[in-house]
Structures are given as C-alpha cells and as structure tokens.
Amino acid sequence: MNFKLVALLFLLLPICCVHSLEVVRPTDDAFVITDLSNLFVTSTLKNSNFGRERELIVGYEINTTGLGEYLVYVAYLKFNLSHLQNVRKANLSLFVKDIISEDLPILTLYFLNDADWSEKTITFSNAPPPTTALGSFLPRYGWVKLDITSLVKKYKAFTLVIVARKVGTNECKVIFSSKEDLARSPRIEVELESPQVPILYVIIPLLAVAVALALWRVNLFKRRLSKKDHED
C-alpha cells in the first residue's frame, strides 16, 4: 500500500470539506426592508383612498359638523418578508415629521394577520379592522423604533395598524413619512443569526488529520524496522 498517497488523500479531505461549505453573507442593504404597502385612512372621507400620499396621518379631531363625534386617522402598513430566514432581531422604524397635539399623544400598534388588501383601493369603509394590540408608544420627532422580532420570526406577511388613543378633547395628529418619501420611508431593520458551521465540518477535518498522522507514523515505524533488519 502506498502510504504516502493515502496520507495525502486524508490531508486533502479537510480542504474538500471546507470548500464545499458555502457561506453567503448578505450586504448591509439586505438588512433594511423598505418594500411595503402603506397609507392612511380617515373617517373624514370614508370612501377616499390616500395610497399615494407622502405622509401617514394618525390621530383624531372633533367633528365640527356633529355633536361630540370624533373623526379618526389610522395608518396601515403591509410587509412581505417571505425571503427572510434566521432572523435574530427586527425593528419597525418610522419617521415622525410632525406632531400636532396639545396633549401628550399615545399611539397603539396593532397586528393584523391579513395582507389581502391593496393600497390603491383601501379606504376607511373597506379597511380591515385592527385586531391584536402589540403595545403603545409615545411618538417623538425623528426616527422611532419598535421591536417586532416575534412577528417577523412567526409571520412572513402581515399588516401593522397604528391608532391614536384619545387622551384629551382636542385635536391630535402624528404625521409619519410614507414610502413615497424615499429617504425616510417606513422600514424593517433586520439582524440575521450568524451562520452556524455544522459540527461535522469541524470533526471530519480533525479526524482526517489524525488518521493521516497515524498512517505517517506507522509507515515511518515500518521503514525503521525494515532498515534495522537489513543492517542485521
């Protein structure tokens, strides 16, 4: 048996194993998802569509034509994340352009397991009602980040609805940038899990090196015995 050839094959085995492990690392842009549908609806104009506006308005105001009735503004956002895998953390980022309120505005984020609507046709009259409240937050000027990791891990397509909680009798409006405002579009910022190397890709190279060294030592030992026999 040609021990040199066998040892060489075992030494080459780790290289082959490592070469077969392809780790694709996404670029930084891949961690920011800005592909979405978004708009606001309002009871002021129940049958009007606002899918092309540069703003998302959330809030309420007193209906001056009625008796104490409030007019409301609600924002809808829909994401499709079917291409994402191994998500470690995900934040919804929204840009607040303006806040019109004498009282401290409180917004509630709702989850809706329904992505079957179009921003070109949805209105206040046909919009799906929000169902599950995820929590409330206080808006501030600039970027606001909300943790939605559990949603992104569980669902690949879903709707988020933002509603203002009535905290006073005066007008309250929070104005966010919509996707039409490209630089400040709503987005999901995603962190992916670090690629895990399978344990076999660690064990096999180590075993290959160990076997190659063992074969080399056996071959060396036999050569010494052979040399000693010739000398005797």
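Residue count for region 44-71, restricted to those that are of a type outside the set (D, E, K, R), closer than 30 Å to Val152 by Cα and either surrounded by fewer than 19 Cβ atoms within 10 Å (Cβ to Cβ) or under 30 Å from the mean Cα position of the chain (by Cα) (or both): 7. Among the residues making up region 99-108, those that are hydrophobic (A, V, I, L, M, F, W, C) and surrounded by 14 or more Cβ atoms within 10 Å (Cβ to Cβ) are Ile99, Ile100, Ile106, Leu107.
Among the residues making up region 92-132, those that are over 19 Å from Pro186 (Cβ atoms) and among the small types (Gly, Ala, Ser) are Ser101, Ser125.
Of everything in region 135-175 that is in contact with a helix residue (DSSP H, G or I) (Cβ under 9 Å, 6 or more places away or on another chain) and modelled with pLDDT of 95 or more, the residue that is surrounded by the most Cβ atoms within 10 Å (Cβ to Cβ) is Leu160. Checked against (1) of a type outside the set (Gly, Ala, Ser); (2) in contact with a strand residue (DSSP E or B) (Cβ under 6 Å, 6 or more places away or on another chain); (3) exposed (fewer than 14 other Cβ atoms within 10 Å of the Cβ); (4) more than 26 Å from Leu192 (Cα to Cα), Thr121 passes all but condition (2).
Given the structure, is Tyr110 over 25 Å from the mean Cα position of the chain (by Cα), at pLDDT 95 or above, of a type in the set (Ser, Thr, Tyr) and in a strand (DSSP E or B)? Against the criterion (over 25 Å from the mean Cα position of the chain (by Cα), at pLDDT 95 or above, of a type in the set (Ser, Thr, Tyr) and in a strand (DSSP E or B)), Tyr110 does not qualify.
Among the residues of region 86-98, just one is within 18 Å of Ile57 (Cβ to Cβ) and surrounded by fewer than 16 Cβ atoms within 10 Å (Cβ to Cβ), namely Asp98. Of all residues in region 49-89, those satisfying the criterion of being in a loop (DSSP other than H, G, I, E, B) and modelled with pLDDT of 90 or more are Asn49, Phe50, Gly51, Arg52, Glu53, Arg54.
The values are calculated or read from the model by the stated rules, or taken from the named source; none is laboratory data. Remember, predicted model here, so these are calculated numbers, not experimental data. Methodologically, a virtual Cβ is constructed for each residue, glycine included, from the backbone with ideal geometry; neighbour enumeration extends over all protein chains shown.
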